[in-house]
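The values are calculated or read from the model by the stated rules, or taken from the named source; none is laboratory data. Just so you know, these numbers come straight off a predicted model, no measurement behind them. So basically every Cβ, Gly included, is an ideal-geometry build from the backbone, and we count neighbours across all protein chains shown.
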Amino acid sequence: MIREALPSWLRYYENNSYCGEKSAMPMQDETNDTVCPVARSVDLVGDKWTILVMRELYMGATRFEEMQIQTAATPQMLTSRLKALEANGLVERRPYNEKPLRYEYLLTDKGWDFYPVIYALRAWGEKWCKNPDEGLAVHFVHRACGHDVGVASVCPHCGDPLERKDLEAVISNRFLGERESRREAFKRK
Ligand SMILES: [Zn+2]
């Protein structure tokens, strides 16, 4: 069961039907009895759906429906992850429509600070989890010199260390097609 594999803070959100903003506090967790930062981080972001939600936020998604389409999470799963990300300060929720009330989700500085982790996951996944003939899902071009950096975190052409703001993302046709078909399939439901 998925529930068995959930970290304890998520079980809290799913069991307590958290809804008010005032109760949006990060939860105490058993990993707080360790000084290990890996254990503490994984407690906040170590779940598949949370990682996929973060990927969508970095790809520019701000709205619930687009995140639902591209992660294939159920609305309940997505809601619990977004609430936890908000409670833990990685995401801020802002109304974009009054009637009916609708929110968009934006990354905070703390949320953006997680980006290098996703970039490293991408590099590892391209190397170890894909066939060479599949090609890169997203190409990153160093804005300063115009070269594709592959999966590097230092530009292979000019040697500059790379941050997200230095890179232009170009989604491959294959990944673009995959994302478009998810959107089409969702609309047909
Ligand atoms: Zn460069």
Matching residues in region 33-72 (closer than 24 Å to GLU178 by Cα and either out of contact with any Leu (no Cβ under 7 Å at 6 or more places or on another chain) or part of a helix (DSSP H, G or I) (or both)) number 24
Qualifying positions in region 133-162 - within 16 Å of the ligand (Cβ to nearest atom), touching a residue at least 24 places away in the same chain (Cβ under 8 Å) and charged (D, E, K, R):
ARG143
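Residues to consider are GLY89, GLY146; find the one that is assigned by TED's automatic domain parsing to the domain that holds ILE51, modelled with pLDDT of 95 or more and at positive phi. Let's see the steps before the verdict.
Details: GLY146 fails: assigned by TED's automatic domain parsing to the domain that holds ILE51.
Result: GLY89 is the single residue among GLY89, GLY146 that is assigned by TED's automatic domain parsing to the domain that holds ILE51, modelled with pLDDT of 95 or more and at positive phi.
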